[in-house]
Every structure is written in C-alpha cells, then in structure tokens.
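We did not get these values from a lab; they are worked out from the coordinates using the rules stated. Quantities reported herein were computed from a predicted structural model and do not represent experimental measurements. Neighbour counts run over all protein chains shown; Cβ positions are idealised from the backbone, glycine included.
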Amino acid sequence: MSCIFCRIIKGEIPSFKLFESEKTLAFLDIGPLSQGHALVIPKFHGAKLADIPDDHLSEVLPVLKKIVTASGAVDYNVLQNNGTIAHQEVPHVHFHLIPKPNEKDGLTIGWNSK
Ligand code: 5GP
Ligand code: ZN
C-alpha cells in the first residue's frame with residue numbers, strides 16, 4: 001500500500017498522534033500552516049469525500065471537535081480538499097484543523113496550558 005496516510009494508520013510511517021479510535025485518526029501535519037495544525041482522517045482509504053462510507057465520515061466531526069476543545073484553539077479553520085485541481089496532495093480523505101493566531105500574542109492555542 002503506497003498511500004502515505006494508510007501507512008501512518010498502520011504505524012509504518014511515524015506521526016504525532018492526537019487521537020485514535022477504531023475508525024478515525026488525528027495527528028499533527030508535518031508541514032504546519034500554524035502551530036497545532038492537525039489532520040483528522042477516516043481509517044477507510046478513499047481519495048474523496050464521496051468515497052467514504054457514512055459510518056466512517058460521521059466520526060470525523062466529533063473528533064475535530066474533541067481536538068479543538070482539548071487544544072484550546074480559539075479561532076481556527078477546518079479545510080478539506082478533493083482532487084488535484086482543488087489542491088489535494090494526499091489522495092486519502094483528510095480534514096485540516098488550522099488554529100489561527102490572534103493579534104495579541106500570536107497564538108490561539110495552548111496544547112498543555114489548560
Ligand atoms: P492536502 O493538500 O492534500 O489537503 O494536504 C495534505 C497535507 O498532508 C499537507 O498539509 C502535508 O503537510 C501533510 N502531509 C503530507 N505528508 C505527510 C506525512 O508524511 N506526515 C504528516 N504528518 N503529514 C503529511
Ligand atoms: Zn489511504
């Protein structure tokens with residue numbers, strides 16, 4: 001299996017895991033756009049949203065919410081790209097959680113400060 005994210009799920013490629021359940025994995029992005037940039041993926045391999053069964057997809061939003069709450073992120077973007085024209089680089093469905101800096105101290109996130 002050459003899919004990078006399937007290899008991360010199997011533990012063949014190391015990652016900084018934030019949450020794992022039977023159907024879902026959350027880990028830090030290797031090229032973060034901001035501190036705490038996380039990826040949440042269904043463990044089911046599929047390139048685009050429409051390829052993923054509902055029972056896997058329905059776990060993703062609650063996991064995103066858990067990560068937001070646990071991290072202390074205040075303002076953040078949730079992004080999900082489908083297809084190369086839509087800027088998808090890794091063809092395994094993933095949701096980006098990107099915390100946004102605030103104007104005061106540059107961070108809205110405190111992984112261990114709460
Ligand atoms: P896309 O452009 O497909 O929506 O985003 C793919 C994301 O996966 C990028 O933000 C990239 O940094 C991240 N990524 C690619 N390869 C790896 C990897 O091996 N490990 C981790 N943790 N993230 C990766
Ligand atoms: Zn995959």
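Assorted remarks:
- When LEU18, LEU28 are sorted by how many other C-beta atoms sit within 10 angstrom of their C-beta, beginning with the fewest, the order is LEU28, LEU18.
- Taken about its Cα centre, the chain carries a charge dipole of roughly 180 debye when the Cβ of each Lys and Arg holds +1 and the Cβ of each Asp and Glu holds -1.
- Calculated FRET value between LYS10 and GLN88, using beta carbons and R₀ = 25 Å, to 0.05: 0.75
- All other residues whose Cβ lies under 9 angstrom from that of SER21 are scored, Lys and Arg at +1 and Asp and Glu at -1, for a net of -1.
- Count Lys and Arg as plus one, Asp and Glu as minus one, and take only other residues whose Cβ is under 10 Å from that of ASN81; the net charge is then 0.
- Net charge over other residues, Cβ less than 15 angstrom from the Cβ of VAL60 (K, R count +1; D, E count -1): -1
- Length available on full extension from LYS17 to VAL74: 0.36 nm per residue minus the Cα-Cα distance, which gives 18.4 nm.
- Helix-only mean residue ellipticity at 222 nm for the chain, each DSSP H run of n ≥ 4 adding -39500 (n - 2.57), per residue, nearest 500: -5500 deg cm²/dmol
- Per residue convex hull volume, Cα atoms of the chain, in Å³: 106
- With a simple spin-label model that places each label point 7 Å from the Cα along the Cα-to-Cβ direction, the separation between LYS65 and LEU28 comes to 2.6 nm.
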